[in-house]
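Trainee: Have a look at the structure that comes next, please.
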Ligand SMILES: Cc1cc2nc3c(=O)[nH]c(=O)nc-3n(C[C@H](O)[C@H](O)[C@H](O)COP(=O)(O)OP(=O)(O)OC[C@H]3O[C@@H](n4cnc5c(N)ncnc54)[C@H](O)[C@@H]3O)c2cc1C
């Protein structure tokens, strides 16, 4: 539908004119945005999803899928298709100490928890976006980069975005910023990010598997005193290495050269000695500037932030995707019905933050403690052992496992999923129209019947006796009786409400 834009940016012709209008415009096709879009279109909400990149393929993005996301996929009937994607499975993520010892296997996870899966994030997003495409109220613009918010009297009314075919404006009942840690939406809305001081950055790279790799190869490898730890994660086809180095020392790392990096990797995990020779170019690596932070208020009138846009998660414990997705489930549950009614109140937006903020903050605290204790301790052995023991105390362990597996204290359930795609605009307005027509017809018939029984100037020139209204099923109103005088026996217009009234001679 086209709407006239309100007086956005007065005097700026680029903001004038007409715009597309949708119920919800989601900015960012990461895990948060794609899941929210799917859950809303399932409820019949009209959604425009804008993703800045031309595809979902981004290397070294979070790809750990925990129990809460599996629970969601099962609810959506997508679990089997998800498991068809090449993946690695595993919960065992031990600490490898510099003296060669390894922390014992975990004593078992929560009974309700599922194993942890690792799939390329792009495959998960393609699966979810493909499912959303089945719904007629879903529209996805790849390469659609939001440049500004449309605001009017303090309320966010839509966005301006650049697409391959030029600039566009879209008006929306609600704009959702799911555009990640550098969120443009967050900046445009003037919602400040409070960051915490992170000690380490990460250099990601992949190394091939070998036949002699140890059984419990994945995990955190602690370096010698004064050196950062290294993460080895199991990917279906390779090992993903996360080499942690003190923040601000990337230039020194590069200046030391690749031979020094290869030596540092094997100093932590000697079994990678052959594989590390595959690392021949810095282009095989990707730097993640670790950042963590949160926005004190996730919303403004007409706008909500979710996922990393609202709370930047550090990569510790690999929970970023799951927290983003749990935000999306809560937002869809609480806001979907409101969006269908065409009105979202600011208190509704606040309720999303209320439900998601505590688990997010606890998880960030846990990540921060772990990164600092392990990453900066000059006595990593002592620090990490202390941490291992502390985290293994039953109450701490219970909270930690829930936070990791569920992205909260329990997985969020998707509410009210209709079995089949809805044709919301058409379906709903058609049904409403039918009811309105039926009511109008009932009025029309009784008025028509009354007029016909006692002819007035509104029904000319018919004059009918013994009229009996017949129940209505169509927009045409049939009444039966005898026509008297010169009335057109075929059709008489009931001027009162404009419906067509035909007379059918009795017998
Ligand atoms: C390099 C890297 C490695 C990571 N590794 C891990 C890991 O190993 N484990 C883990 O759990 N987490 C990891 N994370 C974090 C994890 O990926 C995020 O927490 C998670 O993806 C958050 O999901 P999101 O949907 O909120 O945001 P994102 O996944 O960041 O998605 C945001 C999307 O918005 C799009 N976008 C941005 N700006 C605009 C705009 N102006 N207009 C339209 N679209 C826009 C982006 O292209 C992107 O697709 C990593 C993050 C990065 C950057």
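Trainee: Please verify whether residue 338 is free of Cβ contacts under 8 Å to residues at least 24 places away in the same chain and within 35 Å of the chain's Cα centre (by Cα), treating the condition exactly as stated.
Mentor: yes
Trainee: Looking at 44, 77, 100, can you tell me which residue is more than 16 Å from the ligand (Cβ to nearest atom), more than 30 Å from residue 283 (Cα to Cα), out of contact with any strand residue (DSSP E or B) (no Cβ under 6 Å at 6 or more places or on another chain) and in contact (Cβ under 8 Å) with a residue 40 or more places away in the chain?
Mentor: Matching residue, one of 44, 77, 100: 44.
Trainee: Among helices (runs of 4 or more DSSP H) lying entirely in the stretch 25-143, which contain 2 or more residues that are in the same structural domain as residue 342 (by TED's automatic domain parsing) and either within 19 Å of residue 161 (Cβ to Cβ) or more than 17 Å from the chain's Cα centre (by Cα) (or both)?
Mentor: By residue number, 31-42, 79-84, 121-132.
Trainee: Of the residues 121, 187, which single one is within 16 Å of the ligand (Cβ to nearest atom) and within 30 Å of residue 222 (Cα to Cα)?
Mentor: From the options 121, 187, the qualifying one is 121.
Trainee: Do we find that residue 222 is more than 30 Å from residue 338 (Cα to Cα) and in contact with a helix residue (DSSP H, G or I) (Cβ under 6 Å, 6 or more places away or on another chain) in this structure?
Mentor: Against the criterion (more than 30 Å from residue 338 (Cα to Cα) and in contact with a helix residue (DSSP H, G or I) (Cβ under 6 Å, 6 or more places away or on another chain)), residue 222 qualifies.
Trainee: Moving to a separate point now. Does residue 202 qualify as being more than 22 Å from residue 24 (Cβ to Cβ), out of contact with any helix residue (DSSP H, G or I) (no Cβ under 9 Å at 6 or more places or on another chain) and either in the same structural domain as residue 55 (by TED's automatic domain parsing) or modelled with pLDDT under 95 (or both)?
Mentor: Answer is yes for this residue.
Trainee: What's the number of the only condition in (1) touching a strand residue (DSSP E or B) at 6+ places or on another chain (Cβ under 8 Å); (2) within 16 Å of the ligand (Cβ to nearest atom) that residue 57 fails to meet?
Mentor: Just one mismatch for residue 57, condition (1).
Trainee: Of the residues 172, 163, 178, which single one is within 16 Å of the ligand (Cβ to nearest atom), on the phi < 0 side of the Ramachandran plot, within 25 Å of the chain's Cα centre (by Cα) and surrounded by fewer than 22 Cβ atoms within 10 Å (Cβ to Cβ)?
Mentor: None of the others qualify; the one that does is 163.
Trainee: Do the conditions hold for residue 67, that is, is it touching a strand residue (DSSP E or B) at 6+ places or on another chain (Cβ under 8 Å) and within 16 Å of the ligand (Cβ to nearest atom)?
Mentor: No.
Trainee: Using the structure shown, decide if residue 353 is in the same structural domain as residue 177 (by TED's automatic domain parsing), at pLDDT 95 or above and away from the ligand (no atom under 13 Å from the Cβ).
Mentor: Yes.
Trainee: Of the residues 375, 383, which is buried (at least 17 other Cβ atoms within 10 Å of the Cβ), away from the ligand (no atom under 16 Å from the Cβ) and at pLDDT below 95?
Mentor: 383
Trainee: Another question, then. I need a count of the residues in the stretch 181-199 that are under 20 Å from residue 50 (Cα atoms), surrounded by fewer than 21 Cβ atoms within 10 Å (Cβ to Cβ) and touching a helix residue (DSSP H, G or I) at 6+ places or on another chain (Cβ under 8 Å).
Mentor: Here the count works out to 1.
Trainee: Show me the strands (runs of 3 or more DSSP E) entirely contained within the stretch 234-332 in which 3 or more residues are modelled with pLDDT of 95 or more and either in contact with a strand residue (DSSP E or B) (Cβ under 9 Å, 6 or more places away or on another chain) or within 11 Å of the ligand (Cβ to nearest atom) (or both).
Mentor: Output list reads 303-305.
The values are calculated or read from the model by the stated rules, or taken from the named source; none is laboratory data. Here the structure is a predicted model, which means the values were calculated and not measured. Don't worry about glycine lacking a Cβ; one is built from the backbone with ideal geometry, like all the others, and counts go over all protein chains shown.
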